[in-house]
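Everything on this sheet refers to the single structure shown next.
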Amino acid sequence: MTTGPDDAPPIRFELRRGAITALPLALAVGLFGVSFGVLAATTGGMGALPAVVMSATTFAGSAQFAAASILAGGGQPIAAVAAALLLNARYLPIGISVARILGGGPLRRFLKSQLVVDESWAIAARGGGEFVAGRLLGAGLVLWLSWVGGTVIGVIGGEALGDPTALGLDAAFPALFLALLVSQLTDRGAVSAALLGAGIAIVLTPFTPPGVPIIAASAAALIGLLDR
């Protein structure tokens with residue numbers, strides 16, 4: 001049974017629910033932000049202010065790490081931008097899936113869309129292709145504040161924190177995404193898509209540039225069409 005507008009919880013309730021649900025994830029996201037800030041500020045590839053501005057406007061951890069790493073290694077800015085765009089290409093289908101719940105004019109929709117990340121999208125999902133706008137925005141805002149705040153801490157205390165690889169966050173990225181995945185494994189089709197996507201990514205990772213395995217693995221989601 002679906003609920004109509006009169007039966008839907010107040011937007012304040014959903015905003016709060018999304019924010020509270022995101023709090024455990026916000027700690028990990030904040031630590032990632034610290035690591036990114038350290039990397040960007042101490043390697044000389046990006047600098048402190050650009051790192052904070054990038055976190056505030058881009059808000060995409062893996063893409064930002066890729067761009068900062070390329071610049072730190074002496075790569076060209078165009079290569080850094082290309083890597084970031086490739087990694088963020090997954091937001092095309094994610095954006096399409098939630099576009100209809102982001103109401104308002106063009107500017108308001110644009111601002112809301114900045115809060116659409118993997119974690120907020122997963123928190124807002126109700127199953128069956130349905131999403132709750134309030135939960136997405138509440139979770140996205142908490143995660144954005146955590147990411148930007150972590151970046152600021154990283155760029156300010158970068159020298160004291162030292163090498164970001166010593167923070168031990170390399171294993172935290174996959175652990176976070178696995179935690180998000182578990183809540184989506186609600187039927188056989190979802191499990192099959194997850195396993196196929198993992199297989200595609202594992203096969204392609206040794207042979208393709210960063211980002212390509214992620215985009216290719218998303219093709220596994222087409223399994224969902226078989227259930228319709």
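Any read-out appearing in this document is the output of simple, stated calculations on the displayed coordinates, not a laboratory observation. Note that the structure is predicted; figures quoted are calculated from it, not measured. Note that we place each Cβ from the backbone using ideal geometry, even for glycine, and neighbour counts take in every protein chain shown.
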**Report entry** At R0 = 22 Å, FRET efficiency that the Cβ-Cβ distance of ILE96 and ILE11 yields, to 0.05
**Finding:** 0.45
Requested in this report: Compute the distance in nm between two label points, each set 7 Å from the Cα along the Cα-to-Cβ direction, one at GLN184 and one at ALA221.
Outcome: 0.7 nm
Report task. Please find the FRET efficiency linking ALA72 to LEU49, where r is the Cβ-Cβ separation and R0 is fixed at 25 Å, and quote it to the nearest 0.05. Result -> 0.95
Report task. Find the eigenvalues of the gyration tensor of the Cα atoms of region 57-106, then list the square roots of 5 times those eigenvalues as equivalent ellipsoid semi-axes, largest first, in whole angstrom. Result -> 28, 10, 8
**Report entry** Cα pair distances exceeding 28 angstrom across region 1-138, given as percent
**Finding:** 27 percent
Query raised in the report: If we count other beta carbons within 10 Å of each Cβ, what is the order of GLU130, GLU14, fewest first?
Result: GLU130, GLU14
**Report entry** Nearest-0.05 FRET efficiency for VAL81 and ILE156, computed from C-beta distance (R0 25 Å)
**Finding:** 0.45
